[in-house]
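Everything below concerns the one structure shown next.
The values are calculated or read from the model by the stated rules, or taken from the named source; none is laboratory data. As the structure is a computational prediction, the values presented were derived from the model and not from experiment. Cβ coordinates were reconstructed from backbone atoms using ideal geometry, including for glycine residues, and neighbour counts include every protein chain displayed.
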Amino acid sequence: MDKKEEIELISGVNVLKCMRCGKCSGTCPSYDEMEYHPHQFVYMVETGNIDPLINSESLYRCLSCFACVERCPRGVEPAKVIEAVRLSAIRQKGANHLKAEQVPELIDDDVPQQLLVSAFRKYSK
Amino acid sequence: MIYSYYPGCTLKNKAADLDMYARQSAAALGFELREIEEWQCCGGVYPMAKDEIATKLSSVRNLNDAKMHGQSLVTLCSACHNVIKQVNNDMRTNEDIRTRANNYLKLDEPYNGETEVLHYLEVLRDVIGFDAVKEKVTNPLKGKKIAAYYGCLLLRPGSVLKMDDPENPSIMEDLIKAMGATPVVYPMRNECCGGYLSLEDKPAVAKRRETIVNSAKDFGCDCIITACPLCMYNLKKNESGVPVYYFTELLADALGLKAASEETA
C-alpha cells in the first residue's frame, strides 16, 4: 500500500471530491500558523506529494474544530485528511510529538485535565 | 426523570463548578442525573480515523452503561458530548467499527448505538422546556447582557451533533432569555478558541481569545457563558476583563440556588 492509499484508508475521504474552492482554508482558525493549509493537504494527498506534509509542523496545528468539515460545500472533510496524515506520522516508532516529560514545564495551575487529555490524543500514540 | 450522566475528567477537577451547579439546577427543575459507575475518560477529541477502535472503546462502554439502565445519556462538557455523540453515530452507522468494537468488548449483548445522547442544554430545551425553566426562575438576571460562546464542539459536525443550526444557533440565547437576561449575538460565537494549542503556542491562542472576546464586547456583552472547560481556560484571562462563566452557574443563580447555597455556607 502506498502512502496515498494509506491516507485514504485511515481517513475514509475521497480527495477527488474537492473542487478547490479554498473554503476550508478560509475558515480554518489555524490558517496563519500553518505552513500547509487544509486545501493544500487535500490537493497534495490527491497528487501523492505526501512526504512534505508528514514532515511539517502543520500537522499539529489542526484543532479538530470541524469548521472545514461543516463548511466544505462538497463534503470532503479536510480535517479527516489532516488527521490521517498526522497518524501516519506519529504511529511510527519514536515519532510522538508530545512526550510526558515535557508536560510539567508547559502547564500552569489552572490547566483543565481536558487540555492534557486532548493534546495527548492528538500528539502521541 | 432519571438520566444517566457522564461528567468526564475535568468536571471532577478544574471544572467542578460546572458539574455542581448543573446537579443543583437539575434537582430544582425536576430531573435527576445518575452518574455512570466507573465511567472512563472520553479522550477529549473525537478519533476521526476509520481504522481506530481502541480510542473509541471508552465512549462505547459509557454508552452501553446507559443502555443497560434503559436511560438516555446526558453530557455537559462540550468535548465529552462531541466525542460520545460522534462515537455513538459510528456505532450506529459504521458496520466495520461496530463489529470490531463489539468483538473486542464482548458485552452481554452487542452495542449498536441504541443510546440517546443528550446535552444538558437539550434536556432543558426539549424535555423541561425553556418556558418551564422561566417559571422556576426566582432571581431573574434582569439587565444582564450575556454572550453565549458555543465554540466548535457543541455544534459541529451539525449532521451528527444535531443540537442546533451549526451556523446560527439559538439554544443558549433562548436559555439566556428564560433566565431573564438579554442575549448578545456576535459573529465569533461559533469559532474555535484555539483548544489544546494552548499547551504549545500560547500567543496563537491569545490571538484567538482576544478576537472572540472583542467580538462579544463590541456587540455589548457584560459577560460570556460557555459549556466547555477548555474554552473557559482559554477565554477567561482576556485583556478586556470580560468575565466568563459556566452556563450552569448563571442558571443556578437565576433559579435562586446560588444565593441559597451561599447563605448556608
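See the values below:
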| read-out | value |
| --- | --- |
| Flag for residue A:118 being touching a Gly at 6+ places or on another chain (Cβ under 8 Å), at pLDDT 95 or above, under 24 Å from residue B:166 (Cβ atoms) and of a type in the set (Gly, Ala, Ser) | yes |
| Answer residue from the stretch A:53-84, given it is within 13 Å of the chain's Cα centre (by Cα) and surrounded by fewer than 16 Cβ atoms within 10 Å (Cβ to Cβ) and is nearest to the other protein chains (Cβ to nearest Cβ) among those | A:57 |
| Any hit, the stretch B:190-200, residues being farther than 13 Å from residue B:231 by Cβ, in contact (Cβ under 8 Å) with a residue 12 or more places away in the chain and buried (at least 22 other Cβ atoms within 10 Å of the Cβ) | no |
| Subset of the stretch A:59-86 [closer than 21 Å to residue B:198 by Cβ, touching a Pro at 6+ places or on another chain (Cβ under 9 Å) and not hydrophobic (A, V, I, L, M, F, W, C)] | A:83 |
| Hits in the stretch A:16-43 (condition: surrounded by fewer than 20 Cβ atoms within 10 Å (Cβ to Cβ), in a helix (DSSP H, G or I) and of a type outside the set (Gly, Ala, Ser)) | A:16, A:17, A:23, A:27, A:31, A:32, A:33, A:43 |
| Residue count, the stretch A:44-58 (criterion: more than 14 Å from residue A:74 (Cβ to Cβ) and in a helix (DSSP H, G or I)) | 8 |
| Entirely in the stretch B:125-225, the helices (runs of 4 or more DSSP H) that have 2 or more residues that are within 14 Å of another protein chain (Cβ to nearest Cβ) and modelled with pLDDT of 95 or more | B:158-161, B:202-218 |
| Pairs where the first residue, in the stretch B:99-122, is basic (Lys, Arg) and the second is surrounded by 14 or more Cβ atoms within 10 Å (Cβ to Cβ) and in a loop (DSSP other than H, G, I, E, B), C-beta under 9 Å, 6+ apart | B:100/B:53 |
| Residue in the stretch A:94-103 that is nearest to the other protein chains (Cβ to nearest Cβ), counting only those that are surrounded by fewer than 18 Cβ atoms within 10 Å (Cβ to Cβ) and farther than 19 Å from residue B:9 by Cα | A:102 |
| Matching residues in the stretch A:29-68 - criterion: being of a type in the set (Gly, Ala, Ser) and either under 18 Å from residue B:151 (Cβ atoms) or not assigned by TED's automatic domain parsing to the domain that holds residue A:15 (or both) | A:30, A:64, A:67 |
| Residue count, the stretch B:17-57 (criterion: assigned to a helix (DSSP H, G or I) and within 11 Å of chain A (Cβ to nearest Cβ)) | 3 |
| Residues being farther than 10 Å from residue B:113 by Cβ and not in a loop (DSSP other than H, G, I, E, B) - total across the stretch B:65-95 | 16 |
| Test result for residue A:114, surrounded by 13 or more Cβ atoms within 10 Å (Cβ to Cβ), part of a helix (DSSP H, G or I), without any contact (Cβ under 8 Å) to a residue 24 or more places away in the chain and more than 10 Å from chain B (Cβ to nearest Cβ) | no |
| Where a residue in the stretch B:50-61 is modelled with pLDDT of 95 or more and its partner, wherever it lies, is of a type in the set (D, E, K, R), with Cβ under 8 Å and at least six apart | B:50/B:96; B:53/B:100; B:55/A:121; B:56/B:90 |
| Filtered residues of the stretch B:107-140 (kept if closer than 30 Å to residue B:260 by Cα, out of contact with any strand residue (DSSP E or B) (no Cβ under 7 Å at 6 or more places or on another chain) and not aliphatic (A, V, I, L, M)) | B:122, B:125, B:126, B:129, B:130, B:131, B:134, B:135, B:136, B:138, B:139, B:140 |
